[in-house]
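Novice: Shown below is the structure under consideration.
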Amino acid sequence: AAIPCLVLSTSFLLLLIGCTRYEYEPIYHCLLGIDFYYINNTPYTIKGVTLKTENGLRKDPILPFEKIKIHQEGNIACQFINPTRFTTPVVNSDSTRIVFDDLKFLIYEKESRSTGDGFTVIANYSYRKIKEVYYEFTYAFTEADYNNATPLVFGEDLIGSVWRCTEGEGLQEGLDYTEFRIISETQLQGWAKWEEEPSPELYFTADYRIEGESLLITDFGQTITATLTDDYSGLITNIDEEGECVFYKR
């Protein structure tokens, strides 16, 4: 008779252990409001900034020295409000390309929700708490962004392009023209057409690299600098200070 009693007692103990009571904190929801401000602190019109709004997508350019506001709101668990983990209104993309005045472009890469360049992730914004469930985030485009941008003429269409100089003090006497032909991401060719010859002649193949608004061309240890004109339509050289030659893209 003792065995059934022992079994009953053990089963009752297991029942008590299995029915341990846990206290759960109730979840309350708040209406969270966020204002995103984008400021263009440059004298250039910025294109390519696509933002989510309550009414759809905003694709309009940001004008010089303009400040725009994007408002967002939504329900969120009050206990989990963390401004460092908010999501920006920037349309999700691994790569975002903006253009300054149709002159230069800058590409922002986004690695994850929390890491990336520029305005693509919240970590690069300044913010302040307006009240308990209201925040303000600000991102500013600056002259430094413009200075770090790449001239459009040095972009995707650079390879295969031809730049020709037909006049100037730097054009050797007897030449109709001289030109650069960009053949790859790292090499270009130098061609020249003499007045008495029916076709141009290849003179050299050299390495080049882009630094800011210039092509630095290296051939047999000598470096030639070709710098963009103010309107980005040509490249100016002044080899050995013998006079300028302006190469225009054909």
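The values are calculated or read from the model by the stated rules, or taken from the named source; none is laboratory data. These figures come from a predicted structure and were not determined experimentally. Because the Cβ atoms are built from the backbone with ideal geometry, glycine has one as well, and the counts that use them run over all protein chains shown.
Novice: Determine if region 205-227 includes at least one residue that is modelled with pLDDT of 90 or more, over 30 Å from the mean Cα position of the chain (by Cα) and assigned to a strand (DSSP E or B).
Specialist: Yes - at least one qualifying residue is present in region 205-227.
Novice: Being outside any strand (DSSP E or B), touching a residue at least 24 places away in the same chain (Cβ under 8 Å) and either loosely packed, with under 15 Cβ neighbours inside 10 Å or hydrophobic (A, V, I, L, M, F, W, C) (or both) is the filter here, so list the residues in region 133-160 that pass it.
Specialist: Within region 133-160, 133, 142, 143, 147, 148, 149, 152, 153, 154, 155, 158, 159 meet the criteria.
Novice: Please go through region 59-82 and give me each residue that is surrounded by 13 or more Cβ atoms within 10 Å (Cβ to Cβ), under 24 Å from residue 130 (Cβ atoms), more than 18 Å from the chain's Cα centre (by Cα) and modelled with pLDDT of 85 or more, ordered by number.
Specialist: 66, 67, 68, 70, 72, 73
Novice: Then there's this: Which residues, taken from region 227-250, are of a type in the set (A, V, I, L, M) and touching a residue at least 60 places away in the same chain (Cβ under 8 Å)?
Specialist: If the condition is that a residue be of a type in the set (A, V, I, L, M) and touching a residue at least 60 places away in the same chain (Cβ under 8 Å), then 228, 235, 239, 246 are the ones that fit.
Novice: Can you tell which of 65, 86 is closer than 17 Å to residue 137 by Cα, touching a residue at least 12 places away in the same chain (Cβ under 8 Å) and aromatic (Phe, Trp, Tyr)?
Specialist: 86
Novice: Any residue in region 147-156 that is out of contact with any Leu (no Cβ under 9 Å at 6 or more places or on another chain), of a type in the set (Ser, Thr, Tyr) and at pLDDT 85 or above?
Specialist: No.
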